[in-house]
Amino acid sequence: MPTFDSIRQEADERALIRKIQKAVGFIAPADVDLPETLFGVGGALIDLKALGWMPIGIVTKDGYEFGRDVSKEDVEALGYASAVRSDTTAVARSIKMTPLETGRKHMQELVNGTDLSAVTQAANGEIVFDEPDLPADKEYRLLVIGSDGPAAANWILGRGYGRVKLVATDSEKWGSGDPVQQPLTFDVYTDSEIGSPVRKYMGGTAALANKTILGFAQATP
């Protein structure tokens, strides 16, 4: 006869408690393919730079925040204190981050909502461009990859977004106390090519070692 402790021991699994110790983010034009997998031949991670992805760079310790706000409509009925039916009507997804690297051309294009392809850097190193009155509202692809654990027990988690748009930029402060930074918020849309708003990845040596615990059907070799 099972005891509470034996039931808990069988139900709980510490290996599935994860922290994202390192993360890296990328943006790409909408015509760059969202990866079907993060891993290539021999189990190595794919070369995202070669595939057209551009780095967001170092972000603050807050990291990346993935919002998911669910809206619903309830049906109330006479004689019932709680709803007798509830339907999900919308799921608003968002991504927030605060980049610390401010100089890259593609990040300036993103934040300022403008095309800087015609802007050149002068011989003295100076770069000059005008911020438009209204941003271009360009849509991007976005990919964030996180890592947890040593090489022998490493988890790789990823989130890929087929369509995102920058919708909010908090104030930028110049001062001696903190580095120049500007929090960014993206809205997420369902991409017609992919057919979903977000693609989630989970892999690494730890995912392979814990395949029985994870409970997914195994692909045929």
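Side notes on the structure shown:
- Selection from the range 71-98 of residues that are loosely packed, with under 10 Cβ neighbours inside 10 Å and β-branched (Val, Ile, Thr): Thr88, Thr89
- Members of the range 164-200 found to be polar (S, T, N, Q), in contact with a strand residue (DSSP E or B) (Cβ under 9 Å, 6 or more places away or on another chain) and assigned to a loop (DSSP other than H, G, I, E, B), listed by number: Gln181, Gln182, Thr190, Ser192, Ser196
- Asp187 vs. criteria modelled with pLDDT under 95 and within 16 Å of the chain's Cα centre (by Cα): no
- Sole exception among (1) farther than 21 Å from Lys49 by Cα; (2) of a type in the set (Ser, Thr, Tyr); (3) surrounded by 12 or more Cβ atoms within 10 Å (Cβ to Cβ) for Ser192, by number: (3)
- Test result for Ala44, surrounded by fewer than 13 Cβ atoms within 10 Å (Cβ to Cβ), aliphatic (A, V, I, L, M), touching a residue at least 24 places away in the same chain (Cβ under 8 Å) and more than 16 Å from Pro183 (Cα to Cα): no
- Residue match in the range 79-89 (condition: over 18 Å from Ala28 (Cβ atoms) and modelled with pLDDT under 95): no
- Filter pass, Ser82 being closer than 22 Å to Leu184 by Cβ and small (Gly, Ala, Ser): no
- Qualifying residue in the range 64-78 (condition: of a type in the set (Val, Ile, Thr) and not in a strand (DSSP E or B)): no
- Cβ separations smaller than 8 Å between residues 6+ apart or across chains give no pair from the range 174-192 residues that are within 18 Å of Val59 (Cβ to Cβ) and of a type in the set (Phe, Trp, Tyr) to residues that are assigned to a strand (DSSP E or B) and modelled with pLDDT under 95.
- Applying the criterion of being surrounded by 13 or more Cβ atoms within 10 Å (Cβ to Cβ) and of a type outside the set (Phe, Trp, Tyr) to the residues of the range 59-70, the residue that is farthest from Leu143 (Cα to Cα) is Thr60.
- For Ile127, the criteria (1) surrounded by 14 or more Cβ atoms within 10 Å (Cβ to Cβ); (2) in a loop (DSSP other than H, G, I, E, B); (3) hydrophobic (A, V, I, L, M, F, W, C); (4) at pLDDT 95 or above hold in every case but one, which is (1).
- Pick from the range 92-117, criterion in contact (Cβ under 8 Å) with a residue 40 or more places away in the chain and hydrophobic (A, V, I, L, M, F, W, C), ranking: nearest to Ser196 (Cα to Cα): Ala92
- Residue check for Pro135: closer than 27 Å to Ile17 by Cβ, touching a strand residue (DSSP E or B) at 6+ places or on another chain (Cβ under 8 Å) and not in a strand (DSSP E or B): no
- Residue that is modelled with the lowest pLDDT, among those in the range 1-16 that are farther than 26 Å from Thr205 by Cα and exposed (fewer than 10 other Cβ atoms within 10 Å of the Cβ): Met1
- Selection count, the range 150-176, where residues are of a type in the set (Lys, Arg), closer than 19 Å to Ala136 by Cβ and either modelled with pLDDT under 95 or surrounded by 19 or more Cβ atoms within 10 Å (Cβ to Cβ) (or both): 1
The values are calculated or read from the model by the stated rules, or taken from the named source; none is laboratory data. Treat the numbers as computed from the prediction; the structure is a model and nothing was measured. Virtual Cβ from ideal backbone geometry, glycine too; neighbours counted across all protein chains shown.
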